[in-house]
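The values are calculated or read from the model by the stated rules, or taken from the named source; none is laboratory data. None of the values given here were measured: they were computed from a predicted structure. Ideal geometry is used to build each Cβ from the backbone, glycine not excepted, and the neighbour counts take in all protein chains shown. Heavy atoms of the whole protein, side chains included, go into the accessibility calculation; ligands, DNA and RNA do not. Shrake-Rupley method; radii C 1.70, N 1.55, O 1.52, S 1.80 Å.
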Amino acid sequence: MRQSKLFTKTIKDAPKDEVSLNAQLLIRGGFIEKLAAGIYSYLPLGLRTLRKVQSVVRDEMDAIDGQEILMPALTPKENWEKTDRWDNFDALYKLQGVNKKDYALGATHEEIVTPLAKKFISSYKDLPMALYQIQDKFRNEVRAKSGLMRGREFSMKDLYSFHVDEADLDSYYEKAKKAYYNVFQRCGLKAYIVEASGGAFTDFSHEYQVFTEYGEDEVYFCKECDRHQNKELVEKGEIKCPYCGAEREVKKAIEVGNIFKLMTRFSNPFNVKYVDKNGKEQDVIMGTYGIGPSRVMGAVVEVHHDDSGIVWPEEIAPYKVHLLALGNDDKVKQESDNLYEKLVSAGVEVLYDDRDDSAGIKFSDSDLLGLPYRVVISKKTLAENQVELKKRNEEKSEMVNLDKIIDTLK
Ligand code: ATP
Ligand code: MG
């Protein structure tokens, strides 16, 4: 992409009404734009990152036999009444259609996926089975001050698994834990698995928490036995670890994922059953597994930045390389155009700063945008038939021969 053609521009000052760091940096870089509190547009650079996060998630869900579907975001009231959540799900956006028919905008999809799965489950041979989607969810969040980390409309991957019994759910749950670990690792996040309240059905659910100063959750962190708990769940004053007795630390964190054994919480109201090997009817057992790709994107910025801007992890960076042509010299223009075309043909994702701007502007924009590799061509580097290569997360740079740079970046 030629930066001269990019419709967005960097913004010097962060908007005053954005308090969160991720929103400030992402808006300044032209990755996203705020329409209203908790509601953002994804612009070309931001959309590339969001899609990359989603594709990492998709990869890992496919690897645990998730089958991707897309359910409607507009959902009828009846479904929510069946599970008693129409009046009990706080953040549900409700709206009315023709003939006074009531709907909710999808905040989660147990109420939709369960009756859907019922249509295709009759025998034990149909199980286990897992369905997922990546879709915008809508929640009327009371506070929306954390940028992409708490949207009123936000991207969620929600997977639902269906099983013959609890043992089978347990074994799938362990597979999902691993897949979740992979997702966060690939997105450059160190996420800790944390025990949280499981509601009425199991002792615990598990959250994936990333430690960051601006997180909205608090986690009791145990250095000794590596079992951590959401503070919400722990009784007042119980700072000692219930497993090993060690003193624990309270850390601020953001929940990037959540996995939950639903057991029969949703299969019962929708009467989802299967016939077992002995011809006997049994309840289908369910699990639910959520990740917020947009929250992941926000959390990545909270964790990976410095005073000059974002430092994208390579797998989810909008582009891998930022090519900067410095100065108005014809040879520089020609060589950098040339290199840009070659990089594109070689399949290297490159943003090419071909604008008519000063070196100072180009360097500071490059730091703000935070692409993993910066390649600079100037009259000076060309005198040696070289370019300067620098990693965004390192101080030092190196000189590389023009004819070697493509292989180096590949
Ligand atoms: P929180 O306690 O932070 O509100 P939650 O428990 O409501 O989260 P879930 O219902 O489990 O979250 O949703 C699954 C995932 O969706 C979360 O782990 C998070 O990554 C993401 N998510 C939830 N709410 C939001 C939001 N308002 N904005 C962005 N992502 C969200
Ligand atoms: Mg919530």
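Go through segment 363-405 residue by residue and tally those that are polar (S, T, N, Q) and under 15 Å from VAL321 (Cβ atoms).
So the answer is 3.
Restricting to segment 399-410, give me the number of residues that are modelled with pLDDT of 95 or more and farther than 17 Å from LEU371 by Cα.
6
Going by the conditions given, is GLU153 open to solvent by 60 Å² or more (accessible area, probe 1.4 Å), under 19 Å from LEU50 (Cβ atoms) and within 16 Å of ligand 2 (Cβ to nearest atom)?
Against the criterion (open to solvent by 60 Å² or more (accessible area, probe 1.4 Å), under 19 Å from LEU50 (Cβ atoms) and within 16 Å of ligand 2 (Cβ to nearest atom)), GLU153 qualifies.
When only residues in segment 140-170 that are within 15 Å of MET129 (Cβ to Cβ) and away from ligand 1 (no atom under 11 Å from the Cβ) count, which is nearest to the chain's Cα centre (by Cα)?
Result: TYR160.
Step by step: first the residues of segment 252-261, then only those that are in contact with a helix residue (DSSP H, G or I) (Cβ under 7 Å, 6 or more places away or on another chain) and open to solvent by less than 10 Å² (accessible area, probe 1.4 Å), then the one that is farthest from ligand 2 (Cβ to nearest atom). Which residue is that?
Among those that are in contact with a helix residue (DSSP H, G or I) (Cβ under 7 Å, 6 or more places away or on another chain) and open to solvent by less than 10 Å² (accessible area, probe 1.4 Å), it is ILE259.
Can you find a residue that is modelled with pLDDT under 95, out of contact with any Asp or Glu (no Cβ under 9 Å at 6 or more places or on another chain), open to solvent by less than 10 Å² (accessible area, probe 1.4 Å) and not charged (D, E, K, R) anywhere in segment 159-169?
Here is the first cut: in segment 159-169, the residues modelled with pLDDT under 95 are none.
No, that holds for no residue.
Confirm whether LYS362 is of a type outside the set (S, T, N, Q) and open to solvent by 70 Å² or more (accessible area, probe 1.4 Å).
no
Between residues in segment 147-158 that are at positive phi and residues that are crowded, with 23+ Cβ neighbours inside 10 Å, which pairs lie under 6 Å by C-beta distance while being six or more apart or on different chains?
Matching pairs, first to second residue: GLY147/ASN22; GLY147/ALA23; GLY147/GLY298.
Does VAL332 satisfy being open to solvent by less than 10 Å² (accessible area, probe 1.4 Å) and part of a helix (DSSP H, G or I)?
yes
Which count do you get for residues in segment 288-301 that are touching a helix residue (DSSP H, G or I) at 6+ places or on another chain (Cβ under 6 Å) and surrounded by fewer than 24 Cβ atoms within 10 Å (Cβ to Cβ)?
Adding up the residues that qualify gives 0.
Considering each residue of segment 25-42, count those that are buried (at least 19 other Cβ atoms within 10 Å of the Cβ) and away from ligand 1 (no atom under 14 Å from the Cβ), and give that number.
Within segment 25-42, the subset buried (at least 19 other Cβ atoms within 10 Å of the Cβ) is 25-32, 38, 40, 42.
Going one step further and asking which of them are away from ligand 1 (no atom under 14 Å from the Cβ), we end up with 25, 27-31.
Final tally of qualifying residues: 6.
Which of the residues spanning segment 86-101 are within 16 Å of ligand 1 (Cβ to nearest atom), in contact with a Leu (Cβ under 9 Å, 6 or more places away or on another chain) and part of a loop (DSSP other than H, G, I, E, B)?
LEU92
Looking at this structure, is TYR214 hydroxyl-bearing (Ser, Thr, Tyr) and surrounded by fewer than 21 Cβ atoms within 10 Å (Cβ to Cβ)?
yes
Kindly indicate whether any position in segment 116-139 is of a type in the set (A, V, I, L, M), within 15 Å of ligand 2 (Cβ to nearest atom), part of a loop (DSSP other than H, G, I, E, B) and open to solvent by less than 40 Å² (accessible area, probe 1.4 Å).
Initially, segment 116-139 is screened for residues of a type in the set (A, V, I, L, M), giving 116-117, 121, 127, 129-131, 134.
In the following step, the residues that additionally are within 15 Å of ligand 2 (Cβ to nearest atom) were identified as none.
Within segment 116-139, none of the residues are of a type in the set (A, V, I, L, M), within 15 Å of ligand 2 (Cβ to nearest atom), part of a loop (DSSP other than H, G, I, E, B) and open to solvent by less than 40 Å² (accessible area, probe 1.4 Å).
Just to verify a result, which residue in segment 195-249, among those that are of a type in the set (Gly, Ala, Ser) and at negative phi, is modelled with the lowest pLDDT?
ALA200
Run LEU148 past the list (1) open to solvent by 30 Å² or more (accessible area, probe 1.4 Å); (2) of a type outside the set (D, E, K, R); (3) within 15 Å of ligand 2 (Cβ to nearest atom); (4) in a helix (DSSP H, G or I) and report the number of the one that doesn't hold.
So LEU148 meets the others, but not (1).
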